[in-house]
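Q: Structure below; questions to follow.
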Amino acid sequence: MSDEKRDPAKPGVPTRTPTPVPAAELLERLRRMPLFRQLAPMECGIGWPMPLRIGPDSGATRVCLRLPLFGMRPLSGGGAELFPPFATVTLDRATARPMEYVDLRLTRPWPPPKGAEPVGTFPHEAVDGTVGDYRAARRELLALYDDLCDSLAAHTRFEHRDRFATLLRRLLEPGLEPYYRALGPDFYAHFLGRADGSGAP
């Protein structure tokens, strides 16, 4: 994590608004943070972000990204088994600084699991294809996250909703979807529609 030291703001001098950190870079920075290395196991996945808009309806608005962390176990033939999220980390998009760490084993938004069984595998059917195809789609979706966050910060209409929803539906891990929906119900209902049943894991 690179914490740049800034000179204290001088009275009467406007402060420069930091350039937001791209979502793809935020995910890379998170893996290098001492917080992540201390609290997350080596075999750990970082889930798809959930944007949060914090601030008044006018004036400065802060946008953060909440990132679920979930367990992974490599499979001998390639890919990995996926386990429910065990924590979330929320990063300030402007500074990449952690704003919140929540241990979901303590404040669990779903019933305790009956065992240590995986909830899915990666890759899943929707991302069958070459590794290059997956990486290209992932880059495009993360770039659209940046556009979405810019729209949230500016209180403007997100112009790429349909493409964003299509990519999110394709790349989102099916076994983790109920957990994503439990952590960000409004976000996922907006882009993927309401879940069948309660949506709870």
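Q: Determine the per residue accessible area of the chain with all protein chains present and a 1.4 angstrom probe, expressed in square angstrom.
A: On the way: 11830 Å² over 201 residues.
Accessible area per residue, the chain: 59 Å².
Q: Using all C-alpha to C-alpha distances in region 70-126, build P(r) with 5 Å bins and read off the rounded percent in each one.
A: The percentages, shortest bin first, are 4, 15, 19, 17, 16, 16, 10, 2.
Q: Let me ask something else. Taking amide H positions as placed in the peptide plane 1.01 Å from N, state which residues far from residue 47 in sequence (5 or more) or on other chains have amide H under 5 Å from it.
A: Sorted by chain and number, the residues that satisfy this are 69, 70.
Q: In a Debye calculation with equal point scatterers on the alpha-carbon sites of the chain and no solvent, what is log10 I(q)/I(0) at q = 0.08 Å⁻¹?
A: The computed values of log10 I(q)/I(0) come out as -0.29.
Q: Any chance you could check the Cα centroid distance between region 67-91 and region 101-129 for me, in angstrom?
A: Result: 7 Å between the Cα centres.
Q: I'd like the carbon and sulfur percentage of the solvent accessible area for the chain, probe radius 1.4 Å, heavy atoms only, ligands and nucleic acids excluded.
A: Numbers: 6190 of 11830 Å².
Result for the chain: 52 percent of the exposed heavy-atom area is carbon or sulfur.
Q: Could you grab the Rg to Rh ratio for region 106-169? Cα atoms only, Kirkwood for Rh.
A: Working: Rg = 16.5 Å, Rh = 14.7 Å.
Taking Rg over the Kirkwood Rh, I get 1.12.
Q: Continuing with this model, one more query. Express the relative contact order of the chain as a whole percentage, based on alpha carbon pairs under 8 Å and six or more residues apart in sequence.
A: Once divided by the residue count of the chain, the mean separation gives 18 percent.
Q: Can you give me the span-like helices of the chain, meaning DSSP H runs with 30 Å or more of Cα extent along the axis and Kyte-Doolittle mean at or above -1.0? Could you put the intermediate results ahead of the total?
A: Details: long enough: 131-154 (35 Å, 0.00).
Answer set is 131-154.
Q: Please work out how much length the chain gains when fully extended from residue 166 to residue 106, using 0.36 nm per residue of separation minus the C-alpha to C-alpha distance, in nm with one decimal. Display every interim value, and only then the final one.
A: Values: separation 60, 0.36 × 60 = 21.60 nm, distance 3.35 nm.
In short, 18.2 nm is gained.
Q: Can I ask one more? Would you kindly derive the ³J(HN,Hα) couplings of region 61-77 from the backbone phi angles with the Karplus curve 6.51 cos²θ - 1.76 cosθ + 1.60 (θ = phi - 60°), listing them in order in whole Hz, with x for Gly and Pro?
A: Each residue's phi maps through the Karplus curve to give 10, 9, 10, 10, 10, 9, 10, x, 10, 9, x, 9, 10, x, 9, 4, x Hz.
Q: What order, most packed first, do the peptides 87-97, 112-122, 145-155 have when packing is the mean number of other Cβ atoms within 10 Å of each residue? Kindly include the intermediate steps, with their values, before the conclusion.
A: On the way: 87-97: 19.9, 112-122: 12.0, 145-155: 17.1.
By packing density, highest mean first, the sequence is 87-97, 145-155, 112-122.
Q: Cα extents of region 147-188 along the three principal axes, largest first, in whole Å?
A: Its Cα atoms span 33, 19, 11 Å along the three principal axes.
Q: Here is a further query. Report the calculated FRET efficiency for residue 126 and residue 156 (r = Cβ-Cβ distance, R0 = 25 Å), to the nearest 0.05. Write down the numbers at each step before the final one.
A: Values: r = 30 Å, r/R0 = 1.21.
Calculated value: 0.25.
The values are calculated or read from the model by the stated rules, or taken from the named source; none is laboratory data. Keep in mind that this is a model prediction, so the values were computed, not measured. Glycine gets a Cβ as well: all are built from the backbone with ideal geometry, and neighbour counts include every protein chain shown. In case anyone asks, the SASA skips ligands and DNA or RNA and just uses the protein heavy atoms, side chains included. Shrake-Rupley method; radii C 1.70, N 1.55, O 1.52, S 1.80 Å.
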